[in-house]
Amino acid sequence: MIRIHRQPKTLITGIGSIDHLGEEARKLGGTKALIITDKGVCGAGMLPLMERVLKEAGLEVGTFDHSVPEPPMDSVQEIVTLAEKEGYDIVVGFGGGSPIDVAKAVAVLVNSGATIYDYVGVDKVPRKGLPIIAVPTTAGTGSECTAIAIFANEKLNVKQGVVSPFLMPNIALIDPNLTVSCPPGVTAASGMDALIHNIEAYISVNATMHTDSLALEGIRLISKSIRTAVYDGGNMWARENMAIGSMMGGIAFGNAGVGAVHALSYPIGGMFHIAHGIANTMVLPWAMELNMLACQKWFKEIGEAMGENMDGLSDGEGARKTLAALRQLAADLDVPQYLSDVDIPESAIPGLVEGAMTQGRLWNNNPRKFTREDMERVYRNMAVRP
Ligand SMILES: NC(=O)c1ccc[n+]([C@@H]2O[C@H](COP(=O)([O-])OP(=O)(O)OC[C@H]3O[C@@H](n4cnc5c(N)ncnc54)[C@H](O)[C@@H]3O)[C@@H](O)[C@H]2O)c1
Ligand SMILES: [Fe+2]
């Protein structure tokens, strides 16, 4: 089968790699950079470092420092207007997936006359925008390596994606040092998102030999280091494994797609403002309980990559062991597992099902063809902590 694989042209990785950012920005022709970031990242004290490396390379630098986490669509236009007025010629997304996604959208909206709503969906962006540099400070979304940006549509109460090759960052710079200040809750939620990207990419019906190799290695790196990263945040072995595993997840799912877990978690995030990684972790075992029946062999291999001993087990036994390992991981990281843990009432389930039904782009990647009843079953199974 013929497949087109996309990823950033330049990947810069490693502890201390941030020092190379300025010269690489200049190679892209940037002279006036707009850094887009948020209060949490500024509060961690990292903004002066970013401004310095760009200024030392001779760029003029401006900062928009109050981008909104889990960004609403309506939050983007203000930054586009600022970028147009000030004439920035390169955009730097600095933070977790949230400011990186905003930066990608701003880059293609500047001087386009369009709004973000015009670009929702696949291939709606008509042309290339400003060069984009993505510098993640969480090990999670892999957004630095994807041609996707996700926003909360507050009119429809659902998360929606802008998907276009023109959103692909020109440079992804992954410096694990920048993730050390992540508090345990953010490390756990974003780290689980990264693991889920690799898992969903591996079982996707659109997986390729290229995405499979990245996804399996991403699962290995994250599974062996996520507990240490959460409970001993200064451990650089764990932070580096997480950062690279997350990057691999981004490239894997950016090309193979994600499926049921994301499709069922987006309405939870959209309607109840639960962080993306938490909503995904809640849904993971319940969605996979149904999903793995369509892909037991692959699900067993995921468990093997997680370090589970599968000797002598059938595919079905192995898949069930993987599911148990994922439940244990979520419990160890103390992430909520039931809708009732985050005060979502059972009466919300019909609305959640409606939201999940709209995620056709994701269902197309999923191994099991979920019916409306299947979706409802997942939400009912996870409704109330016994
Ligand atoms: N574009 C994609 O391919 C893609 C993929 C998956 C998820 N997403 C989207 O990404 C968003 C979630 O991103 P995320 O999980 O990285 O979290 P985030 O960017 O929303 O950040 C979560 C919180 O952590 C803080 N934070 C981030 N880095 C920090 C650091 N180093 N030190 C201290 N605090 C820090 C932020 O300020 C914020 O308050 C969601 O909107 C989700 O839908 C996008
Ligand atoms: Fe995700």
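The values are calculated or read from the model by the stated rules, or taken from the named source; none is laboratory data. The model shown is predicted, which means the values in this text are computed figures rather than measured ones. Glycine gets a Cβ as well: all are built from the backbone with ideal geometry, and neighbour counts include every protein chain shown.
Helices (runs of 4 or more DSSP H) fully within the stretch 9-109 that include at least 1 residues being touching a residue at least 60 places away in the same chain (Cβ under 8 Å): 21-27, 39-43, 47-56, 97-109. Residues being within 14 Å of ligand 1 (Cβ to nearest atom), surrounded by 22 or more Cβ atoms within 10 Å (Cβ to Cβ), farther than 17 Å from residue 259 by Cβ and assigned by TED's automatic domain parsing to the domain that holds residue 278 are entirely absent from the stretch 213-220. For the stretch 345-386, a residue qualifies if it is more than 27 Å from residue 253 (Cβ to Cβ) and not in a helix (DSSP H, G or I), and the qualifying residues are 345, 383, 384, 385, 386. Of the residues 249, 254, 269, the single one that is within 22 Å of residue 327 (Cβ to Cβ), of a type in the set (Gly, Ala, Ser), in the same structural domain as residue 358 (by TED's automatic domain parsing) and crowded, with 24+ Cβ neighbours inside 10 Å is 249. Taking (1) more than 14 Å from the chain's Cα centre (by Cα); (2) within 29 Å of residue 31 (Cβ to Cβ) in turn, residue 102 satisfies each apart from (1). The set of residues in the stretch 1-58 that are within 16 Å of ligand 1 (Cβ to nearest atom), surrounded by 13 or more Cβ atoms within 10 Å (Cβ to Cβ) and of a type in the set (Gly, Ala, Ser) comprises 17, 40, 44.
Is there a residue in the stretch 319-332 that is exposed (fewer than 14 other Cβ atoms within 10 Å of the Cβ), polar (S, T, N, Q) and assigned by TED's automatic domain parsing to the domain that holds residue 218? Yes, the conditions are met somewhere in the stretch 319-332. Consider residue 152 carefully, then state whether it is of a type in the set (A, V, I, L, M, F, W, C), within 17 Å of residue 98 (Cα to Cα) and more than 10 Å from ligand 1 (Cβ to nearest atom). Considered against the rule, which asks whether it is of a type in the set (A, V, I, L, M, F, W, C), within 17 Å of residue 98 (Cα to Cα) and more than 10 Å from ligand 1 (Cβ to nearest atom), residue 152 comes out as no. Applying the set (1) of a type in the set (D, E, K, R); (2) farther than 17 Å from residue 17 by Cβ; (3) touching a residue at least 60 places away in the same chain (Cβ under 8 Å) to residue 175 leaves exactly one unmet item: (2).
Is it fair to say residue 151 is assigned by TED's automatic domain parsing to the domain that holds residue 36, among the aromatic types (Phe, Trp, Tyr) and away from ligand 2 (no atom under 15 Å from the Cβ)? No, not satisfied.
Listed by position, the helices (runs of 4 or more DSSP H) contained in the stretch 238-341 that have at least 3 residues being free of Cβ contacts under 8 Å to residues at least 12 places away in the same chain, within 16 Å of ligand 2 (Cβ to nearest atom) and not aliphatic (A, V, I, L, M) form an empty set. Can you tell me which of (1) touching a residue at least 24 places away in the same chain (Cβ under 8 Å); (2) closer than 18 Å to residue 136 by Cα; (3) part of a helix (DSSP H, G or I) is the one residue 182 doesn't meet? Here residue 182 clears every test but (3). Kindly indicate whether any position in the stretch 280-290 is of a type in the set (Phe, Trp, Tyr), under 19 Å from residue 194 (Cα atoms) and touching a strand residue (DSSP E or B) at 6+ places or on another chain (Cβ under 8 Å). Looking for residues that are of a type in the set (Phe, Trp, Tyr), under 19 Å from residue 194 (Cα atoms) and touching a strand residue (DSSP E or B) at 6+ places or on another chain (Cβ under 8 Å), one finds none in the stretch 280-290, hence no. Once the stretch 221-238 is narrowed to residues that are over 19 Å from residue 278 (Cα atoms) and surrounded by fewer than 24 Cβ atoms within 10 Å (Cβ to Cβ), the residue that is farthest from ligand 1 (Cβ to nearest atom) is 224.
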